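Reviewing the structure listed below.
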Amino acid sequence: MIISSRTILWVIAAAIFLSSASPLYAGEQSEIYANWRGYAIKGYDPVAFHKDSKPIKGSKKYQFRWKDAKWRFASAEHRDLFKANPEKFAPRYGGYCAWAVSQGYTASVDPKNAWTIVEDKLYLNYSVEIKREWEKDIPGNIKKADTNWPGVLK
């Protein structure tokens, strides 16, 4: 049986995709959820959620590497604010779905549509539907997620 190089590339790409931030992955996960290109929160500007009260895609012109992930920003000002205090602007639980962490596992996020600022902290969720579950008991879910984090990465 001959396997083409294209097939091998697809298998490698699928393995990388399935292993990154997947609750099915048996190994230890990264502290920061990043897409397959290495961008935290799918390339959205974490400062924009706080300063502009909305998700804004970051630009490759304004990038900063922090905790083994690439972070993008809409402006140099946002990048510099993040550099000065990343813990203030980065999403809680490394950008993994906050509800999933509260339930004891990790999941990817939809930063464009499923996000919340609570007490000046950014929380992301997998989807709008999961965000609704999260909102049913935000204080309780935060307490559970705080207890589970970062143990869910192992």
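The values are calculated or read from the model by the stated rules, or taken from the named source; none is laboratory data. Because the structure is predicted, anything quoted here is derived from the model rather than measured. Don't worry about glycine lacking a Cβ; one is built from the backbone with ideal geometry, like all the others, and counts go over all protein chains shown.
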Can you find a residue that is surrounded by 13 or more Cβ atoms within 10 Å (Cβ to Cβ) and assigned to a loop (DSSP other than H, G, I, E, B) anywhere in segment 78-91? yes
Hits in segment 117-133 (condition: surrounded by 16 or more Cβ atoms within 10 Å (Cβ to Cβ), outside any helix (DSSP H, G or I) and without any contact (Cβ under 8 Å) to a residue 60 or more places away in the chain): Lys121, Tyr123, Asn125, Tyr126, Ser127
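Just to check your reading of the model, which residue among Lys143, Lys154 is charged (D, E, K, R) and either touching a His at 6+ places or on another chain (Cβ under 6 Å) or modelled with pLDDT of 95 or more (or both)?
The match here is Lys143.
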Which pairs do you get when a residue that is of a type outside the set (Lys, Arg), found in segment 48-76, comes within reach of a residue that is at pLDDT below 95, reach meaning Cβ atoms under 7 angstrom, with the pair 6+ apart or on two chains? Asp68/Ser30; Ala69/Ala34; Ala69/Gly38
Has segment 58-69 got at least one residue that is closer than 12 Å to Tyr44 by Cβ and buried (at least 23 other Cβ atoms within 10 Å of the Cβ)? yes
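So is Pro55 at pLDDT 95 or above and under 25 Å from Asn148 (Cα atoms) or not?
So Pro55 fails the test.
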Residue among Lys144, Lys70 that alone is closer than 20 Å to Gln29 by Cα, in contact with a Ser or Thr (Cβ under 6 Å, 6 or more places away or on another chain) and charged (D, E, K, R): Lys144
Taking Ala107 as the residue in question, decide whether it is under 19 Å from Gln29 (Cβ atoms), under 10 Å from the mean Cα position of the chain (by Cα) and hydrophobic (A, V, I, L, M, F, W, C). yes
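Answer yes if at least one residue in segment 38-47 is of a type outside the set (Ser, Thr, Tyr), within 18 Å of the chain's Cα centre (by Cα), at pLDDT 55 or above and surrounded by fewer than 12 Cβ atoms within 10 Å (Cβ to Cβ), and no otherwise.
no
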When you go through Ser108, Ser53, Ser102 one by one, which is the residue that is in a loop (DSSP other than H, G, I, E, B), in contact with a helix residue (DSSP H, G or I) (Cβ under 9 Å, 6 or more places away or on another chain) and small (Gly, Ala, Ser)? Ser108
